[in-house]
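Here's the structure we're looking at; comments come further down.
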């Protein structure tokens, strides 16, 4: 599992590293800086829902990748949505230069682990 966590961190970092050659590991609201998120949120608080919808898809994608690798996933239903949003806002407030996807990864890895499902063998 530690290897997968390191791999995930590398994928997150690669999103920024590849920006110069026009390739992208991630796209959408998650590649905005936390400062941009804060500015958008300050203008219209409802925009947080768009960022959070992106976050849920991102975390679901991480879970899918881990599940396909027969590794532990995270319980995406363990924390109230309002608390998840507050954690992202808090992370972004403390790290304005980070991309939102880093704040989402911080949330994701704080969620409880779910043991991998072993396939039935016949």
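Points worth noting:
- Among (1) outside any helix (DSSP H, G or I); (2) touching a residue at least 40 places away in the same chain (Cβ under 8 Å), the one test that residue 37 misses: (1)
- Being without any contact (Cβ under 8 Å) to a residue 24 or more places away in the chain and not in a helix (DSSP H, G or I) holds for only one residue in 63, 77, and it is 77.
- Output for region 42-51, where each listed residue is surrounded by fewer than 18 Cβ atoms within 10 Å (Cβ to Cβ) and either part of a helix (DSSP H, G or I) or within 13 Å of the chain's Cα centre (by Cα) (or both): 42, 43, 47, 48, 49, 50
- Considering 71, 24, 17, the condition of being surrounded by 11 or more Cβ atoms within 10 Å (Cβ to Cβ), more than 11 Å from residue 101 (Cβ to Cβ), modelled with pLDDT under 90 and over 17 Å from the mean Cα position of the chain (by Cα) is satisfied by 17 alone.
The values are calculated or read from the model by the stated rules, or taken from the named source; none is laboratory data. What you see is a predicted model, and the numbers here were worked out from it, not measured in a lab. Quick reminder, even Gly has a Cβ in these numbers, built from the backbone with ideal geometry, and neighbours come from all protein chains shown.
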